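Novice: Provided herewith is a single structure, encoded as structure tokens, for subsequent inquiry.
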Amino acid sequence: MLVEQVMQTGVVTITPKTSLPEALALIRQRGIRHLPVVENDALVGIVSDRDLKRAMASSATSLDRHELQYLLDRVTAAEIMTPAVITASCRLPIEEAARLMVKEKISALPVTEEGRLIGIVTETDVLQLFVQGMGAGEPSSRIDVRVRKAGPGLADLVHAIEEAQVEIASIMTLSDRSEYKDVVIRVRSIDPRSAIAKLRSRGYDVRGPMKV
């Protein structure tokens, strides 16, 4: 799956001249956490809710309410935005976008095309896709199988579950530094006992199930 299939296209943006209170109001009204900063159709920065809160905290002084508001009204997006924006292409695989967010410790990636903003993908979008891909939220059960990395491939696991006439919703493998890996299988059944029995009859170390 590519970024273009997951990204949000109706992006709320601001300009470098947008004031801090205006940006904060937008974030609160729209229930969002990031505001790309656009000037002459080009992406020039990004402001997060954390940037806004940090700017407000640094402006908090012994001034009275009216004086503080006067000061905040003069703080612009250009002064608090992150100008070196890490972006993604719409054709980037979504797992690469997720890896980039983890690596750079960011929670959103503006999506650009020839410097023009066309969308944004956030950590929430990635998590929603993960939940959907794992089949969570629909009647199903999770079966965890501990296998040796050098052991039989996934085909043997799939064959065993198919023999039990249980439909597989998704499969994911998780590896650690040991000689083992965990295979997380979600099946479209609230009673996966036949699948578990079949797996155990083949010598697999089965843990679960967890029902949703």
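Bear in mind these aren't lab numbers, they're just calculated from the coordinates by the rules spelled out. The shown structure was predicted, so the numbers you read here are calculated from the model rather than taken from an experiment. No Cβ is skipped: glycine too gets one built from the backbone with ideal geometry, and neighbour counts run over all protein chains shown.
Novice: As an exercise, identify the trypsin sites (Lys or Arg not before Pro) in segment 95-148 lying in DSSP coil whose Cβ has no more than 15 other Cβ atoms within 10 Å. Could the numbers behind the result be given before it?
Specialist: Numbers: sites: Arg99, Lys103, Lys105, Arg116, Arg142, Arg146, Arg148; in loops: Lys105.
When the trypsin sites (Lys or Arg not before Pro) of segment 95-148 are filtered for loop state and at most 15 Cβ neighbours within 10 Å, Lys105 remain.
Novice: Also, quick follow-up: Which lysines have a Cα less than 25 Å from the Cα of Lys181, not counting those fewer than 8 places away in the same chain?
Specialist: Straight-line reach from Lys181, under 25 Å: Lys103, Lys149, Lys198, Lys211.
Novice: Next question. For every other residue with a beta carbon closer than 10 angstrom to the beta carbon of Arg146, add +1 if it is Lys or Arg and -1 if Asp or Glu, then tell me the sum.
Specialist: Details: positive: Arg148, Lys181, Arg207; negative: Asp144, Asp182, Asp205.
Summing Lys/Arg as +1 and Asp/Glu as -1 gives 0.
Novice: Moving on. Hand me the GluC sites (Glu not before Pro) from segment 145-192 located in a DSSP loop with no more than 15 other Cβ atoms within 10 Å, in residue order please. Write down the numbers at each step before the final one.
Specialist: Numbers: sites: Glu162, Glu163, Glu167, Glu179; in loops: Glu167, Glu179.
Loop-located and lightly packed - Glu167, Glu179.
Novice: Now a separate question. Under a straight-distance cross-link criterion of Cα-Cα below 28 Å, which lysines are reachable from Lys17, leaving out those fewer than 8 residues away in the same chain?
Specialist: Output for Lys17: Lys53, Lys105.
Novice: How far is it, in nm, from the label point at Lys149 to the one at Arg91 when both lie 7 Å from their Cα along the line to the Cβ?
Specialist: Output for this residue pair reads 3.4 nm.
Novice: In what order do Tyr180, Tyr204 fall by count of nearby beta-carbon atoms within 10 Å, going from fewest to most? Numbers along the way, then the final one.
Specialist: Details: Tyr180 14, Tyr204 20.
If I rank by nearby Cβ atoms, fewest first, I get Tyr180, Tyr204.
Novice: Of Ile196, Ser140, Gln165, which is farthest towards the positive pole of segment 134-211's charge dipole, taken about the Cα centre with +1 and -1 on the beta-carbons of Lys, Arg and Asp, Glu respectively?
Specialist: Positive-most Cα among the choices belongs to Ile196.
Novice: Oh, and also: Return one number: the angle in degrees, 0 to 90 and rounded to the nearest 10, between the long axis of the Cα atoms of helix 94-104 and the longest principal axis of the Cα atoms of the chain.
Specialist: Computed tilt is about 60 degrees.
Novice: Multiply the residue gap between Val102 and Thr9 by 0.36 nm, knock off their C-alpha separation, and tell me the result in nm, one decimal place. Before the final figure, lay out each step's value.
Specialist: Numbers: separation 93, 0.36 × 93 = 33.48 nm, distance 2.22 nm.
So the extension gain works out to 31.3 nm.
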